[in-house]
Each structure stands twice: as structure tokens, then as C-alpha cells.
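Please treat every number below as a calculation from the coordinates, not as lab data. This structure is a prediction, so every number in the text was calculated from the model and none was measured. Cβ atoms come from the backbone with ideal geometry, glycine included; neighbour counts cover every protein chain shown.
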Amino acid sequence: MSFTVAIDGPAAAGKGTISKAVAAHFGFAHLDTGLLYRATGRRVLAGEDPVAAARDLQPDDLQRDDLRTADVAQAASRVAAIVEVRSALVDFQISFARRAGGAVLDGRDIGTVICPDAEVKLFVTASDEVRAERRYLELSAKNADVTRAQVLADVRERDARDAARDAAPMVAAQDALVLDTSDLSIDAAVARAIAAVEAGSP
Ligand code: CDP
């Protein structure tokens, strides 16, 4: 039987950490759908056409260790506004969501477009400053040469583009539980997400 947890939200809101923890807690599979757009964006930075890159995406493209850079994040957000790119990635996400045994997908349009019938929907957010600080610490830990101001500008630019686009814009589904993690520890945010899944379980 399938059971889908849809976790959406803006850049660096903690979707990845929460999704992984929820998936591990319930024994569900997890798909970070941002990786599909990052992998496509990275191939575009290498000179490919965005639609051709999305249609030809291979499992190896998702394994690369250079997908979490600021350049790739921006490229991902640009290709993510192209309808044909999104269409090329839909079927894979839908079949992942319906796999037996439960699935957690995190992204921007999971609860609205990919899985409008998901059993549980969360929209994870936090203030711009808190999100930028988390991403700054994450990038600096990997020795990336970034400043706090650059990271804040990057997060805001991507959020604005992701929310304003015509194709599957980032927005909380009407039936999503909004989880603001600005003042929550990781453990507290994960505990709330797990409680929401338990409340949504049959
Ligand atoms: O990790 P972070 O929240 O910074 O970003 P991500 O989830 O890896 O997503 C990178 C970019 O991919 C986003 O800025 C969106 O433009 C795009 N994306 C999307 O359009 N739809 C999704 N379901 C997931 C990501």
C-alpha cells in the first residue's frame, strides 16, 4: 500500500533534514526532488539544452558530489521554471510517491502538483535570515567561498523566482500544515513532523 508524505517549502528551510528523519522513523523511502532540478541545472551549466538534459537524466547524475553549490542551486531554479523540464521529471516523481511501503518527497510542488492526494502535507518554512544562516553554515563547512550576504541574496532570489513562475509555483497547498522552524531546534521540528504524519496515518 502506498502512503505519501509531501514536504514543500522555500530554500534551506530544513526540508531535507526533516524529510530524511521522517523517512527513517517510519521506514519510508525518501526522494529529494530538488536533486532532479540541480542535476539538470548542472548539465545546463556544462553546456546542454535544459529540456534535453531533463529528458536524459541518469541515476549517475544524481550521485555527483557537486550538486549543492550556489551556482548549481541558481541554475536549478532557472531550469525549474521551464514547463517542459518539469514535465520530463513528473512521471519519475509520481511513481516514486506511489511505491509500496511509503514515501517522503520534498520539493516545491509536491503537495500541489505531484501528489495533490498525499496523505500528509507539510510546508516547512523559516525567516529569510534564519534560512540563509543555516545554508551559510552548511556551505562554509564544505569550505565554499561564500559570505552571509551572498547566501541571503541567493536564497531570496531563488525564492522569488520559484514563487513567481507560472509552472508549478512554490506555494503551500491549502491543506498543508505550515511548520515554521525559525525558533525550533532540529529535534523539535522533526518531532512535529513525525506527529503530523502519525495524525495523518490511517
Ligand atoms: O536545498 P534547497 O531548499 O536550497 O533547494 P532544492 O530543494 O535542492 O531545490 C533547488 C531548486 O530546484 C529550487 O530553488 C527550485 O527552483 C527547484 N525545485 C523545484 O522547482 N521543484 C521541486 N519540487 C524541487 C526543487
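Miscellaneous remarks
- Dipole magnitude for segment 139-202: computed about the Cα centre from +1 point charges on Lys and Arg Cβ and -1 point charges on Asp and Glu Cβ, it is near 200 debye.
- Placing +1 on each Lys and Arg Cβ and -1 on each Asp and Glu Cβ, with no other charges, gives segment 116-158 a dipole about its Cα centre of roughly 100 debye.
- Taking the Cα centre of the chain as reference, the dipole from Cβ charges on Lys and Arg (+1) and Asp and Glu (-1) amounts to some 120 debye.
- Loop trypsin sites (Lys or Arg not before Pro), segment 17-65 (other Cβ atoms within 10 Å of the site Cβ: 16 or fewer; DSSP): 64
- For residue 179, distant residues with modelled amide H under 5 Å away: 123, 124, 125
- Close amide H partners of residue 29, meaning residues 5 or more places away or on another chain with modelled amide H under 5 Å apart, are 103, 104.
- Over segment 23-88, volume per residue of the alpha carbon convex hull, in Å³: 98
- Convex hull of segment 28-133 built on C-alpha atoms - directionally averaged projected area, nm²: 7.3
- Shape index of the chain: Rg/Rh, with Rg the Cα radius of gyration and Rh the Kirkwood radius from the inverse mean 1/r over Cα pairs, equals 0.94.
- With each label modelled as a point 7 angstrom along the Cα→C-beta vector, the residue 87-residue 117 pair spans 2.3 nm.
- Distance between segment 185-199 and segment 94-115 - C-alpha centres, whole angstrom: 18
- Amide H to amide H distances under 5 Å link residue 64 with no residue, where only residues 5 or more positions off or on other chains count and H is placed in the peptide plane.
- Sequence-ordered 3J(HN,Hα) estimates for segment 137-151 from the Karplus curve with 6.51, -1.76 and 1.60 and θ = phi - 60° stand at 5, 5, 5, 5, 4, 9, 6, 6, 8, 9, 10, 4, 5, 5, 5 Hz, glycine and proline given as x.
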